[in-house]
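Before any comments, here is the structure.
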Amino acid sequence: MRVVIAEDLVLLREGIASLLTDSGHEVVAGVGDGDALLDALAEHRPDLAIVDVRMPPTQTDEGVRAAVEARRRQPNAAILILSQYVEERYASDLLSSGARGVGYLLKDRVADVQEFVAAAARVAAGGTVIDPEVVAQLIGRGPERPLDALTPREREVLSLMAQGHSNQAIVERMEISHSAVEKHVRKVFTKLGLPETDQHHRRVLAVLTYLGV
């Protein structure tokens, strides 16, 4: 996996680069602002860009705006956003630019090296990974939503899907059978009115419905 890292804090940028390199991945560029990110993506065409939400000059939303612009220029670009705090709008902004190959994690997750690297790989492979804290804040948002038809168990399965977990990972986390997970997933698709398309596409549509995008 070839990675570009956009993070203005040099120590954190180098730390993430070291984690990825130690795990066998290649960091092709490390940059500190949104314009440099766009230039690096155009030059290197990496498998993944890891981007801090807040970067110079205003330290507000330069990172995510650059990420959205990157997706506009390269619709297949895989983007993993890192944020210090839960900021729901940024998750929605990025997801609305296209659901494949996007992720939003809190920086605290970097401390769990194995899980962080696995999440990065899932996004690079076209998956969707949303931080559990973001998912928790988005649950139940809005008075009348398709999600209201889901049972608590089905909502739990969809929550884990939104975090990027496969059916097998959901089996292990919920400690239920594979057939039970498949049953819950089918019911989620049916209750959300998702069309009969390929499994991956339906999972992405379910996650977008869950996040209210």
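None of the figures in this text is laboratory data; all of them are computed from the coordinates on show. For clarity, every value in this text was computed on a predicted model and none was experimentally measured. No Cβ is skipped: glycine too gets one built from the backbone with ideal geometry, and neighbour counts run over all protein chains shown.
Annotations for the structure displayed:
- Prolate/oblate/rounded call for the range 2-131, Cα gyration tensor, a/c under 1.5 rounded: rounded
- In this label model, Q59 and A125 are separated by 3.8 nm, measuring between points 7 Å along each Cα→Cβ vector.
- Between V10 and D39, the modelled label-to-label distance comes to 1.7 nm, taking each label 7 Å out from Cα in the direction of the beta carbon.
- Proximity of backbone amide H atoms, modeled 1.01 Å from N, is registered between V31 and I5, A6, E7 at under 5 Å, excluding neighbours fewer than 5 places apart on the same chain.
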